[in-house]
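First comes the structure, then the notes that go with it.
Every number here is computed from the coordinates shown, using simple stated rules; none is lab data. What you see is a predicted model; the values in this text were computed from it and never measured. Neighbour counts are summed over all protein chains in view; Cβ atoms, including those assigned to glycine, are modelled from backbone coordinates with ideal geometry.
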Amino acid sequence: MKNTFNIPKTFFGFLTASVLFWLLINLSKEYTTQITFDLVYTNLPLKKTIIDTPIKKIPLLVKGSGFNLISTSLSNNLIKLDLEKINKKKAINYYFLSNKLRPEIQKQLKSGIELTQVLKDTIPLKIGTLNSKKVPLKTDLSITFQLGHDLSKLITIKPDSVLISGEESLLKKISFLKLAKINLNNISESSKISIPILKQNNIKTNITTAEINITVDKFTEGEIEIPVLVKNAPKGLNIYPKKVKIIYKVGLKNFNKINKNSFKIECDYNQEKNSEASYLIPKLKKSPDIITLIRIVPEKIDFLIHK
């Protein structure tokens, strides 16, 4: 046979009241404990910048009633440090002495909280002179094209440079900024892509993204015959052949823009004479930007001198 215990409701009432009285008595007592506060640095002088990441939190040993300590630990605690009162060590190195900060920190604590000790002897900072300069942007692209397609123009970046600002010694180490890496596979069409500028620690930029312009065209192979000119030719010089064939690759859109006037082939007799060669080397002296040279046929020009 089971026994049933009937506990009066008044018992729970007395128990709750007892716990509340115990809490009130204990939370009214004074305690000493450690609480961590967030640091905020104020009044940074114009044309100055904080280098590296400064200390963002500081542990304090504080004394107060249980009520005040719980309230403080649960709230968003900020301690402001005035940079106009910082001590300079040398060059870019500065520091706050904790024992000198005590009166300033005490003023910022809630009423009923007493600062017992700053649990950090010094708070170091690096502060440098703020400067700026312009640097170029560089892409980090990996591109593959569909068969028969290629770039018809050089890839352009807009803007091609940015203004950066930061501490003088840091700026001296930076000659360019990179865009985020991007992979483009099997492309056959032109495109414009916005790409983030990679961030540098403690360096600010006037913009955060740049646009790259990729112009793609379907390419075909062309060939054209061009007469050979000889520079520094002696009297009675005859060459063979008198024309060479230029084989090139060009985008379909620009194919009809190519003609004989687009190229100039030249040999320098003095260069070959000095090397004691028995032939001349045809060199491309003029060509349009819209083509990719494949080869010159033939690669050697025979010559005779009739006296």
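Near the amide H of Ser161, within less than 5 Å, lie the amide hydrogens of Leu137, all on another chain or at least 5 residues away, with H placed in the peptide plane. For the chain, what does the alpha-carbon gyration tensor say about shape, rounded, prolate or oblate, given a ≥ b ≥ c as the root eigenvalues, a/c under 1.5 as rounded, and a/b over b/c as prolate? Prolate shape, in that a/c is at least 1.5 and a/b is the bigger ratio. Backbone amide hydrogens, once placed in the peptide plane, bring Asn77 within less than 5 Å of Asp38, excluding anything fewer than 5 places away on its chain.
For Ile143, the residues 5 or more places off, or on other chains, whose built amide H falls under 5 Å of its own are Leu184.
Karplus-based coupling profile of region 163-177, in residue order and whole Hz: 8, 10, 9, x, 5, 3, 5, 6, 4, 5, 7, 10, 10, 6, 10, with θ = phi - 60° in 6.51 cos²θ - 1.76 cosθ + 1.60 and x standing for Gly or Pro.
Other residues whose C-beta falls under 15 angstrom from the C-beta of Glu114 contribute a net charge of +3, scoring Lys and Arg +1 and Asp and Glu -1. Rounded to the nearest 10 degrees, the inclination of helix 9-27 to the longest alpha-carbon principal axis of the chain is 70 degrees.
Helix 98-108 versus the longest principal axis of the chain: what angle, 0 to 90°, nearest 10, using Cα atoms? The helix 98-108 is inclined about 70 degrees to the chain.
Phi-derived couplings, Karplus 6.51 cos²θ - 1.76 cosθ + 1.60 at θ = phi - 60°, listed residue by residue for region 65-71: 5, x, 4, 5, 5, 5, 4 Hz, with x used for Gly and Pro. Summing Lys and Arg as +1 and Asp and Glu as -1 over all other residues whose Cβ lies under 12 Å from the Cβ of Ile301 gives a net charge of -1. The distance from the alpha carbon centre of region 241-307 to that of region 121-173 is 40 Å, rounded to a whole number. Phi angles across region 273-287 convert, under the Karplus curve 6.51 cos²θ - 1.76 cosθ + 1.60 with θ = phi - 60°, into 3J(HN,Hα) values of 5, 5, 8, 6, 7, 9, 8, 10, 9, x, 10, 7, 9, 8, 7 Hz, Gly and Pro given as x. For the chain, the 222 nm mean residue ellipticity estimated from helices alone, with every DSSP H stretch of n ≥ 4 adding -39500 (n - 2.57) and the total spread over all residues, rounds to -4500 deg cm²/dmol.
Here Glu221 and Phe176 are evaluated by their C-beta separation; at R0 = 45 Å the FRET efficiency comes out at 0.80.
Please work out the Cα center distance from region 187-230 to region 75-109, rounded to the nearest Å. Cα centroid of region 187-230 versus Cα centroid of region 75-109: 51 Å apart.
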